[in-house]
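FYI, it's all coordinate maths here, none of it is from the lab. Just so it is clear, the model here is predicted, and its values are computed rather than measured. Please note: Cβ atoms are built from the backbone with ideal geometry, for glycine as well, and neighbour counts cover all protein chains shown.
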Amino acid sequence: MRDMADNGSPIILELQNITKRFGDLMAVNNISYALARGKLVTFVGPSGCGKTTLLRIVSGFIEPDEGRVILDGEDITRIRPNARDTAMVFQNYALFPHMTVARNIGFGLQMMKKPKNEVKNEVERLLDLVQLSGLGERKPHELSGGQQQRVALARALSLHPKILLLDEPLSNLDANLRVMMRTEIRKLQRRLDLSIIFVTHDQEEAMSISDLLVVMDQGVVKQVGSPTEVYEQPVDDFVANFVGHINFFPGEVTAFGREELILKIDQVDLKVQRPAFEVAPGDRLKAVVRPESIDIVDAQTSTGADQNVMEGQIEVAMYIGSVMRYTITAGDQTVYVDESDPQYQGIFQEGKAVKLILKKRIHLLKVQEA
Amino acid sequence: MRGFFRNRYLQNSADDIRHFMRNPGLMAVTAVLLVLILIFIVYPIGSVLIKSFSVSYPTVTLRYETSVAASADVDRLVTHPLLGVLKNLQGLESARATGKSGSFAIHLRFQRDWDDLKGLNDTKRSISAIQGQVDPHVRKFTYRLGKESVNSIASYRDFFSNSYYYRALRNSIVLALVSTALVTFFAFCFAYLGLKGPDFLKGALRVMGLIPLIAPPFIFALALILIGGRMGIFTKLLHLPFNIYGWPGVITAQVITFLPLGYLMIENVLRSLGTNLEDAASDMRASDVDILFKITIPLAAPGILKAGLLVFLMSIADFGNPMLIGGGVSFLATDAYFLWMSENNLEMAAVFCVFLVLPSMIMFMIHEYILKGRVYTTIGGKPQQSEKRRMSPKIFYPMLAIVTPLSIMIVLCFGMIFIGAFTKILMVDNSFTLEHFQSSNGFYSLVTSLKFAFSAALIAPIIGVTLSYILVRKRIPFKRILEFTALLGFAVPGTVMGVGYIIAFNAPPLKLTGTFIIMIINEAFRNLSVSLEAGSSKLHQIDVAIEEAAVDMGAGAFATFSQVVLPLISSALVAGFVYTFMVGMIAVSAVIFLITPGNNLASLYILAVAEEGFLGMACAISIMLIVVVAASLGTLKVISKYTKTEVF
């Protein structure tokens, strides 16, 4: 276990019981985690969740109050940033404005007292790698945001770090560029077999780029898992909410068999697969359903069984292009439903009576006591 | 392309003018401000320039009334014989006869440095030789001494041909360069250590940076005289064969005097750089020494240079330090004063002023056109929470070694002022005394200073802040020019504004020299720019939409200004008041040209008694001055607390 991460790859970085306080604020609260080599892991969470603090503890800019940071078997907790085998891409790139692009990229090698020739060749190679050949003599402010981002990446890569740290690297780019760059980072990571920690507050970005998500809130890790796991099987309300739109249906277990159970919500019975945890009749559970997992049909449509069907009325119908987002009142409950390809499916007008069919992908959570 | 630009510029100006003309209220206010600035800033400075291009000759005018009717007869009988004898006068440059119908005159112009009384006596003596010949035709002779001003570059020629003059220019520039280099070097070390070094240093450095703001600017020269002057403690105790007067004294005094300014500016620069780039460099394996020399210093360079420019300007304009501790070394700012005071040579004083302004203007241009926009600050992104890194010993100890001796010197200087104030005559009679505090002239000058500083502090913010509102928010033509002229009073050394006021306001219609009011006006207009800056920076913080909302609610321009803008920028008014008051209390360089007996200011009185050797009294009044300023500021702070106005 010491040398192998959960999925069997060798471990590159291990965080052991890391705790950091800023005054009264518990920025990072006893976090332990082991990262596998060659993976892109994303620390994701709302601002103030401690993800950046954790990253800066890895890079050495912040010293933890407690705990140890172990990089490739070596304890680096007390080692200064300039002696660590890590490299960081800063949120605002932190390019040295008084140096050319080439000097920026070569700075780390120059600091390591590499021969001039070697630095020059390596800089050329890196410029080529991030598709900036020929721009070496420009100053950072003469580059676009996306190009600056590439320079920052090349600069970090120049050190061949054991782990590459990306601190919200895409947050200063516009939406289209952001999508493009994250694809590129992902490609680069695969090609060079890089171990990367990526920090972002953007759940979509996190899901799309990562091998593994580490969802954080208020200094603790809430859930670790693949994007699919985190999205489909969130461990609690926070994670469920954070990684996308969600409907919660609280109810009571009325019956259960070996595979399935019946959860009674309002007047409707929901037939759901049994969860991994123990349940007994009378337990209060919460059905967690993504808006795109609910079908919506005309109230007149015959749906056969009553199970997993709710009746309601369209409150708001919002056309977002790729999807139609409905806000529906069903009894006491407000339900959000996304229908993809609305032009093909047909659009329901506001005020229309509809039936909601909850068949697919229902995830169960225990009701958290307040 | 160039034509296109010019057209667009003209187009804009034309639009501005049209817009401006449609707004009579704005026009009236702007016009009043413009007239004030023209009269009290541009006109005096212009007068200096004109004066420097003129020379004056001593003249003797001889008038006579005659009973001879025909002009031709007068010429034959009186004028020609007179000219005949007068043309041989010693030192005469030209003789010119004028006159008509009964009243005639001969104007005699003597050489520039000719003694006019000798000229007069020589004239009388020459005429007495032909007295008998002309007397029958002349009813009465009257003589009059005068001066005749002629446009000429003779003063400049004199300046460069006389080593006594041009050496002052060379000395001033050398002094400014040396002081600037030392101040920026030390200030950088202080700021760097204060920002990145251990916390306990920070508070001490702050105090050191702020105290000199309320102390008279030559207090360190005073202290240095007590330490290393002819009768100084060190000189006496160690039997030193030399003293600190001259170059070492002036440079040391200036370095200590301007260190706080440099420190505050450079600290600001370093702070605004943030730690992001240093972190990045550290992440790239750079050592602390590498970071300092390859990242921090290059990045801070434009800001450091900017601080250096300001120190240069302050140093070249400095009056008190060279005056007190300059020894026999001549400097522009003080020699301009001596030229006026002891030789009444305003032309040469004006030339000195021009050479005082030139370096300042060159520096100002460098600042405006080369450095502007080259200051690096952290761009975008929120400042990252980062722990203060332990300073590398390789940096900490050398810096500490640089900073410590100077800090000791500063503390020593303050200590000496206290010791000097309570000692009879230091190193002669070292007994304790309070007598230095019992100077009625000292008290009187303190009261005058209070009146003076308070009045100036009422005028400057009102004009400055109003001007800032017009400059920031209103569309007026030739905005840049108005702004530039308003700032000129501050940019130009005080000596220049002093000489300028003497030249400009010594004759009707604005004969104001010798009055208390002209001193106040001078001080107010010299410090306009601080209120102007305070106003603009405040206005830039306030969203225009707030004013637009007021207009939208039906408020007129005046109501918007008085009910919405004014309350919001009142803190700028107060800041302008506080600043003008403080510098007014310790003003030296311009007002020294304008004081009259009975209107002596405390800071000038200190300078005067110190020069006469009453160092104890100078120390005592300095302490009282510092106490009065500190107490005034304290009172203001209390008032602001009760009225809930933001002041500091």
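Worth pointing out:
- Cα-derived Rg over Rh, computed across the stretch A:59-112 with Rh taken as Kirkwood radius: 1.05
- Inter-site label distance for A:Leu192 and B:Arg167 at 7 Å from Cα along Cβ, in nm: 6.7
- Among A:Glu205, A:Glu66, A:Glu118: highest mean-square fluctuation, GNM of chain A, C-alpha pairs under 10 Å: A:Glu118
- Net dipole in debye of the stretch A:212-369 [+1 Lys, Arg Cβ; -1 Asp, Glu Cβ; about Cα centre; nearest 20]: 220
- Ranked by how many other beta carbons lie within 10 Å on average, peptides B:342-352, A:106-116, A:311-321 from highest: B:342-352, A:106-116, A:311-321
- In the stretch B:57-151, inverting the average of 1/r over every pair of distinct C-alpha atoms gives 13.4 Å as the Kirkwood radius.
- Over 52 Å [Cα-Cα, the protein assembly as shown], rounded percent: 45
- Two-decimal Rg to Rh for chain B - Kirkwood Rh, Cα set: 1.05
- The charge dipole of the protein assembly as shown, taken about its Cα centre with unit charges on the Cβ atoms of Lys, Arg (+1), Asp and Glu (-1) only, comes to about 3820 debye.
- Computed FRET value (nearest 0.05) for B:Phe185 with A:Ile320, which takes r as the C-beta separation and R₀ as 45 Å: 0.15
- Modelled this way, with points 7 Å down the Cα-to-C-beta line, the labels at A:Asp341 and B:Gln111 are 11.1 nm from one another.
- Spin-label pair B:Met553-B:Arg480: with each label point 7 Å from Cα along the Cα-Cβ axis, the two points sit 3.8 nm from one another.
- Rounded, prolate or oblate (a/c below 1.5 giving rounded, otherwise prolate when a/b exceeds b/c) for the stretch A:216-370 by Cα gyration tensor: oblate
- Sites B:Ile297 and A:Asp65, calculated FRET efficiency, Cβ-Cβ separation with R0 41 Å, nearest 0.05: 0.75
- Ordering of B:217-225, B:519-527, B:327-335 by packing is B:217-225, B:519-527, B:327-335, highest average first (other Cβ atoms within 10 Å, averaged per residue).
- Long-range amide H partners of B:Gly91 with built H, under 5 Å: none
- Against chain B, whose longest principal axis comes from its Cα atoms, helix B:219-228 is set at around 90 degrees.
- Rounded to 10°, Cα long-axis angle of helix B:297-317 versus longest principal axis of chain B: 30
- Of all aspartates and glutamates in the structure, those lying under 15 Å Cα to Cα from B:Lys474, and not within fewer than 8 positions of it along the same chain, are B:Asp15, B:Asp16, B:Glu483, B:Asp543, B:Glu547, B:Glu548.
- Between the helical axis of B:494-504 and the longest alpha-carbon principal axis of chain B there is an angle of about 30 degrees.
- Sorting the segments B:539-550, B:575-586 by their mean number of nearby beta carbons within 10 angstrom, highest to lowest, gives B:575-586, B:539-550.
- Peptide A:59-70 has a mean of 2 when you count, residue by residue, the C-beta atoms of other protein chains within 10 Å of its C-beta.
- In sequence order, calculated HN-Hα J values of the stretch B:573-582 (Karplus, 6.51, -1.76, 1.60; Hz; x Gly/Pro): 4, 5, 4, x, 4, 4, 5, 4, 4, 4
- Counted over the stretch B:527-648 with a bin width of 5 Å, the fraction of Cα pairs per bin, in whole percents, is 2, 9, 14, 14, 15, 12, 10, 8, 6, 4, 3, 1, 1, 0.
- The stretch B:174-275 - Rg over Rh from alpha carbon coordinates, Kirkwood radius: 1.06
- Put simply, chain A fits an ellipsoid with semi-axes of 47, 26, 16 Å; these come from the alpha carbon gyration tensor as the roots of five times its eigenvalues, largest first.
- Taken over the C-alpha atoms, the stretch A:154-221 has Rg and Dmax values of 12.3, 35 angstrom.
- Number of partner chain Cβ atoms within 10 Å, mean per residue of A:156-167: 1
- Take each residue in A:78-90, count the other chain C-beta atoms within 10 Å of its C-beta, and the mean is 4.
- Cross-link pairs beyond the 28 Å C-alpha cut-off, checked among A:Lys51/A:Lys120; B:Lys202/B:Lys236; B:Lys118/B:Lys511; A:Lys20/A:Lys286; A:Lys114/A:Lys139; A:Lys264/A:Lys355: A:Lys51/A:Lys120; B:Lys202/B:Lys236; B:Lys118/B:Lys511; A:Lys20/A:Lys286
- A cut-off of 5 Å between modelled amide H atoms, ignoring neighbours fewer than 5 places along the same chain, links A:Asn30 with A:Thr19, A:Lys20.
- Taking the inverse of the mean 1/r over every pair of distinct Cα atoms in the stretch B:497-586 gives a Kirkwood hydrodynamic radius of 15.5 Å.
- Tail fraction, Cα-Cα pairs, the stretch B:302-373, threshold 19 Å, whole percent: 43
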